[in-house]
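The values are calculated or read from the model by the stated rules, or taken from the named source; none is laboratory data. Being a predicted model, the structure only gives us computed values, none of them experimental. Ideal geometry is used to build each Cβ from the backbone, glycine not excepted, and the neighbour counts take in all protein chains shown.
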Amino acid sequence: MRDVAIIGVGIQKWGELWEKSFRDIFVEAALNALDDAKIDKLDSMYIGCMSSGLFVGQEHVASVMADYLGQRHLAATRVESACASGGLALRCGLIEIASGMSDLVLAGGVEKMTDVSGDGATYALATAADQEYECYHGATFPGLYALMARAHMKKYGTTRDQLASVAVKNHDNGSLNPNAQYPFKVTLEGVKNSVMIAEPLRILDCSPITDGAAALILCPYERAREFTDKPVIKVTGSGHATDSIALHDRTSLTTLDGVKVAGQRALKMAGRKLDDIDLVEVHDCFTIAEIIVSESLGFFKPGQGGAACEAGETRIDGKIPINPSGGLKSKGHPVGATGIAQVVEIVHQLRGEAGKRQVKNARIGMAQNMGGSGGSSVVHIMEVE
Amino acid sequence: MSKPVGIVGYGVHIPRYRIRVEEIAKVWGADAPSYKRGLELREKSVPPPDCDTITLSVEATKRALKRAQIDPAKIGAIYIGSESHPYAVKPSGTTVAEAIGATPDIHCADLEFACKAGSEGMYIALSHVKAGEMEYALGIAADTSQGAPSDALEYSASAGAAAFIMGRKNILAEIEYTHSFMTDTPDFWRREHEFYPQHAGRYTGEPAYFKHTLGCAKALLKKAGAEPGDFKYAVFHQPNGKFPMRVGKMLGFKTKQIEQGWLAPRLGNTYSGASPMGLAAILDVAKPGDRIFMVSYGSGAGSDGFIWKATDKLPAVQKVTTQTYALLDEKKFYLDYGTYAKFRRKILKNY
Amino acid sequence: MNPARYAREIPHRYRLEAAKCKKCGAVFFPHRLICLKCGHRQFETIKISEHGKLETFTVIHTPASDFKDQSPFALGICKFPEGVRITAQIVDIDLEKVRIGMKLQVEFRRIQTDGHAGILSYGYKFVPVI
């Protein structure tokens with residue numbers, strides 16, 4: 001199996017991009033990545049996209065994007081695993097290069113979410129849950145995470161303030177990220193007094209509806225220097241796992257076993273321990289998600305993720321910086337693009353290009369991407385040479 | 001005389017929401033005290049948006065099955081009498097039969113005869129068993145009654161259901177006599193595609209309710225060679241609190257005989273469900289040997305009369321599941337008119 | 001709601017029918033074709049009990065469009081004696097009084113209404129024990 005490097009990253013300002021189409025959003029990010037890698041031809045492409053059919057009425061995404069990227073006849077594939085589609089696209093590209101099938105692969109992700117109403121977006125996102133046994137009864141995504149939050153609060157005494165501290169920390173970080181959708185700070189009181197969505201989660205506990213895309217250029221590690229003068233980022237670990245689609249079928253309502261298994265697999269492949277990780281981007285679709293993910297990955301003992309965030313341990317200058325990019329919370333959450341954007345952030349950090357939000361001495365970074373209420377998860381570990 | 005037939009299981013369901021007469025009167029500038037006095041109504045049950053004739057029927061039947069302790073697959077027929085079947089075309093009975101596990105070997109029909117459809121279902125179910133056609137048959141009386149905003153009916157139209165499993169084994173209340181009485185009397189109707197029924201005002205009283213209830217009751221008493229004093233209990237259709245008491249007194253029944261099944265003052269008019277639910281409330285307390293006189297009434301118009309006799313099997317099952325008065329009086333939620341209007345889909349959304 | 005899609009779930013939604021593995025006894029709701037625990041492929045049909053215990057809940061204030069008129073409503077996960085958990089709405093309760101650990105019972109309710117003319121969808125909701 002060949003080692004794989006990331007030689008280019010592309011991302012643009014995320015948000016409600018009223019002027020930009022689904023295809024333009026993706027092509028802009030992809031062109032950025034191609035330019036960053038200083039290449040113009042690809043061997044293949046994987047695009048993470050959760051629900052373009054419901055968001056913009058367009059399936060057959062691979063054909064549209066390859067063509068508009070100026071790569072007609074490219075071997076392009078759309079990858080779907082709900083909000084983990086992006087992370088999975090990276091894994092697919094990684095496998096293709098590791099196998100020796102291709103050399104230059106773009107792994108990207110895109111979602112255009114604002115061409116439907118809020119109700120339409122709620123509906124589209126809910127398709128990542130069990131349609132017959134969750135959504136049929138009125139479950140929404142905030143609702144499912146709220147169920148986890150309430151169970152976590154009951155079992156471990158996680159507090160409303162601790163949930164809010166995740167949003168405060170991520171908005172602090174996001175305020176330093178020029179590409180973030182909401183690069184403003186929020187206060188503890190602001191989060192706690194924001195509009196109620198699904199008790200106990202309020203609007204500022206939730207990641208937003210976002211248009212956006214991100215892209216990575218992958219190549220065999222031994223060829224990386226042919227293309228780039230920047231620090232070469234090696235993908236050393238990739239872990240992928242699924243879990244039950246329905247939250248109620250999980251072994252526990254307060255841990256995410258799919259995340260745990262994916263994390264262990266990634267660490268094993270990289271030959272690393274958790275202690276080796278300098279920073280991590282996690283899938284904070286809701287504040288409670290960051291807390292439970294940080295525990296399931298093993299950074300904190302079960303029930304201590306909230307207290308750790310509140311104590312500042314996960315800040316950029318903390319013991320283990322979590323979501324220096326601002327996370328899904330502040331940066332935005334164009335679902336199919338999120339997993340790729342997390343890796344874009346890790347690359348910026350490992351290259352030392354993260355500006356004001358730079359994590360000091362960042363050598364090894366982890367990105368954890370998650371689908372649905374935890375029904376799938378993809379974890380990658382990146383290292384700088 | 002042929003082998004006895006009767007009720008082998010019964011159950012009731014009532015939505016937990018209520019609205020008081022004053023709350024409705026306030027909105028329409030009506031005189032609440034005179035309504036309460038004139039109609040003897042205090043409050044009525046209100047179905048939330050997720051309750052309808054089908055769901056009420058299922059819950060009432062689940063209670064009937066708990067009392068009957070029979071295999072639902074042995075039920076050979078299901079009849080639901082209602083004037084608020086959720087579908088204009090598609091039976092309520094199929095859903096109910098499926099929910100209780102009585103499909104697929106079962107006969108089914110939805111019935112409609114204004115407020116008498118429920119007793120019709122009971123009558124047909126009894127007849128099947130009496131004829132030896134089947135071991136058990138299910139008659140359900142259920143409604144989420146409609147009353148137009150500001151109309152007199154709005155103060156009474158309520159929701160509830162009673163289910164009766166008829167059979168020959170382990171009878172709780174044996175049927176002694178039945179009688180039906182009917183003429184063509186247009187006192188109350190609802191045309192196709194209309195939301196709310198219309199009524200003919202005071203014509204619904206003397207020439208309609210009273211004529212048919214009395215006509216049926218007198219014929220039934222005669223058939224049985226009985227007098228009002230022979231009965232421990234009596235229950236009549238109760239479009240309001242006043243009519244059943246009055247018709248009972250006209251026949252010679254006393255308040256004491258009527259009041260156990262007199263649910264209207266705090267339940268309202270459950271249309272098809274009215275007298276059957278009253279019967280269920282009586283069965284909750286009746287003792288072996290007690291005879292029960294029952295006459296329903298449905299506009300259009302007609303009455304079904306039944307004489308029941310409680311057996312020694314009844315006391316053992318009275319408390320195996322929630323009783324009628326508990327459903328009527330416990331864990332109630334009072335609604336304001338706005339929420340009531342939302343629940344009953346009376347708010348016009350212009351989009 | 002597509003009628004065929006709705007109708008095929010009726011045994012689960014109306015009667016809470018579950019599949020019990022004939023080999024290891026594990027219970028699944030809804031049914032499965034292969035046992036998650038032991039891989040056996042034969043099951044018997046059992047009924048889930050009427051009463052469950054609430055393990056977690058939320059009150060949804062921004063529901064999907066089909067549930068707008070019911071907002072806010074409580075949604076909870078109950079654990080049943082057979083070992084399965086089920087997600088459903090909790091109704092007929094003061095939303096302030098919902099508590100983890102409380103006993104709830106299953107009641108038959110209308111779940112969705114497909115516009116003015118589509119089919120009516122029924123199933124289970126949780127209500128306080130009466």
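Quick rundown of the values:
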{"item": "Selection within region C:19-59 - among the hydrophobic types (A, V, I, L, M, F, W, C), assigned to a strand (DSSP E or B) and away from chain A (no Cβ under 12 Å)", "result": "C:A19, C:C21, C:F43, C:I46"}
{"item": "Residues that are of a type outside the set (S, T, N, Q), in contact with a helix residue (DSSP H, G or I) (Cβ under 8 Å, 6 or more places away or on another chain), on the phi < 0 side of the Ramachandran plot and part of a loop (DSSP other than H, G, I, E, B), drawn from region A:354-381", "result": "A:A354, A:V359, A:A362, A:R363, A:G375"}
{"item": "Residues within region B:320-351 that are without any contact (Cβ under 8 Å) to a residue 12 or more places away in the chain and more than 30 Å from C:K68 (Cα to Cα), tallied", "result": "1"}
{"item": "Where A:T251 falls short, out of the listed (1) assigned to a helix (DSSP H, G or I); (2) surrounded by fewer than 20 Cβ atoms within 10 Å (Cβ to Cβ)", "result": "(1)"}
{"item": "Selected residue [outside any helix (DSSP H, G or I), assigned by TED's automatic domain parsing to the domain that holds B:G160 and of a type in the set (K, R)] from B:K90, B:K66, B:K26", "result": "B:K90"}
{"item": "Residue, farthest from A:H152 (Cα to Cα), within region A:201-215, restricted to residues that are in contact with a Leu (Cβ under 7 Å, 6 or more places away or on another chain) and outside any helix (DSSP H, G or I)", "result": "A:A215"}
{"item": "Hey, B:S84 in contact with a helix residue (DSSP H, G or I) (Cβ under 9 Å, 6 or more places away or on another chain) and more than 11 Å from chain C (Cβ to nearest Cβ) or not", "result": "yes"}
{"item": "Test: residue in region B:311-333 that is touching a strand residue (DSSP E or B) at 6+ places or on another chain (Cβ under 8 Å), among the charged types (D, E, K, R) and over 29 Å from B:L214 (Cβ atoms)", "result": "yes"}
{"item": "Of all residues making up region B:112-133, the number that are aliphatic (A, V, I, L, M), outside any loop (DSSP other than H, G, I, E, B) and over 13 Å from B:F164 (Cα atoms)", "result": "1"}
{"item": "Residue in region A:42-55 that is among the aliphatic types (A, V, I, L, M), touching a helix residue (DSSP H, G or I) at 6+ places or on another chain (Cβ under 9 Å), over 23 Å from A:V347 (Cβ atoms) and not in a strand (DSSP E or B) present", "result": "yes"}
{"item": "Sole residue being assigned to a strand (DSSP E or B) and within 14 Å of B:S275 (Cβ to Cβ), chosen from B:A109, B:A141, B:A137", "result": "B:A141"}
{"item": "Check on B:Y233, among the hydroxyl-bearing types (S, T, Y), crowded, with 24+ Cβ neighbours inside 10 Å and at positive phi", "result": "no"}
{"item": "In region B:1-26, the residues that are closer than 30 Å to B:S127 by Cα and either without any contact (Cβ under 8 Å) to a residue 60 or more places away in the chain or within 14 Å of chain C (Cβ to nearest Cβ) (or both)", "result": "B:M1, B:G11, B:V12, B:H13, B:I14"}
{"item": "Region A:88-116: number of residues that are surrounded by fewer than 24 Cβ atoms within 10 Å (Cβ to Cβ) and either under 16 Å from the mean Cα position of the chain (by Cα) or of a type in the set (K, R) (or both)", "result": "1"}
{"item": "Per-region count, region B:236-255, residues among the small types (G, A, S) and buried (at least 18 other Cβ atoms within 10 Å of the Cβ)", "result": "2"}
{"item": "Selection from region A:11-28 of residues that are assigned to a strand (DSSP E or B) and small (G, A, S)", "result": "A:G15"}
{"item": "Residue ID - nearest to the other protein chains (Cβ to nearest Cβ), chosen from residues in region C:1-18 that are in contact (Cβ under 8 Å) with a residue 60 or more places away in the chain and part of a helix (DSSP H, G or I)", "result": "C:Y14"}
{"item": "Candidates A:L163, A:L147, A:L125, A:L218 - the one that is within 18 Å of the chain's Cα centre (by Cα), crowded, with 22+ Cβ neighbours inside 10 Å and either within 13 Å of chain C (Cβ to nearest Cβ) or in a helix (DSSP H, G or I) (or both)", "result": "A:L125"}
{"item": "Residue match in region A:76-87 (condition: more than 17 Å from C:F67 (Cβ to Cβ), crowded, with 19+ Cβ neighbours inside 10 Å and of a type in the set (S, T, N, Q))", "result": "yes"}
{"item": "Number of positions in region A:1-43 that are polar (S, T, N, Q) and over 17 Å from the mean Cα position of the chain (by Cα)", "result": "2"}
{"item": "Where B:S34 falls short, out of the listed (1) outside any strand (DSSP E or B); (2) within 27 Å of C:A117 (Cα to Cα); (3) among the hydroxyl-bearing types (S, T, Y)", "result": "(2)"}
{"item": "Leading residue by the ranking (nearest to the other protein chains (Cβ to nearest Cβ)) among those in region C:81-100 that are surrounded by fewer than 16 Cβ atoms within 10 Å (Cβ to Cβ) and farther than 18 Å from A:L144 by Cα", "result": "C:D94"}
{"item": "Filter pass, A:P200 being at pLDDT 95 or above and closer than 21 Å to A:G306 by Cα", "result": "yes"}
{"item": "Residue selected from region B:51-75 under the condition touching a strand residue (DSSP E or B) at 6+ places or on another chain (Cβ under 8 Å), surrounded by 20 or more Cβ atoms within 10 Å (Cβ to Cβ) and farther than 23 Å from B:A114 by Cα, by the criterion nearest to the other protein chains (Cβ to nearest Cβ)", "result": "B:K62"}
{"item": "Index of the failed condition, B:Y177 passing every other in (1) among the aromatic types (F, W, Y); (2) within 21 Å of B:D110 (Cα to Cα); (3) part of a strand (DSSP E or B)", "result": "(2)"}
{"item": "Flag for A:M153 being more than 10 Å from chain C (Cβ to nearest Cβ), closer than 28 Å to C:F67 by Cβ and of a type in the set (A, V, I, L, M)", "result": "no"}
{"item": "Helices (runs of 4 or more DSSP H) contained in region B:264-347 and holding at least 2 residues modelled with pLDDT of 95 or more, within 14 Å of chain C (Cβ to nearest Cβ) and under 24 Å from B:S84 (Cα atoms)", "result": "B:324-329, B:337-343"}
{"item": "Long-range neighbours under 7 Å by Cβ, at least six apart or interchain, first residue at pLDDT 95 or above within region A:148-168, second among the aromatic types (F, W, Y) and not in a loop (DSSP other than H, G, I, E, B)", "result": "A:R150/C:F57"}
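Yes/no per residue for (1) more than 20 Å from A:V344 (Cβ to Cβ); (2) of a type in the set (A, V, I, L, M, F, W, C); (3) touching a Ser or Thr at 6+ places or on another chain (Cβ under 7 Å):
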site: A:T255; (1), (2), (3): yes, no, yes
site: A:A262; (1), (2), (3): no, yes, yes
site: A:K268; (1), (2), (3): yes, no, no
site: A:L274; (1), (2), (3): yes, yes, no
site: A:L279; (1), (2), (3): no, yes, no
site: A:V282; (1), (2), (3): no, yes, yes
site: A:C285; (1), (2), (3): no, yes, yes
site: A:I288; (1), (2), (3): yes, yes, no
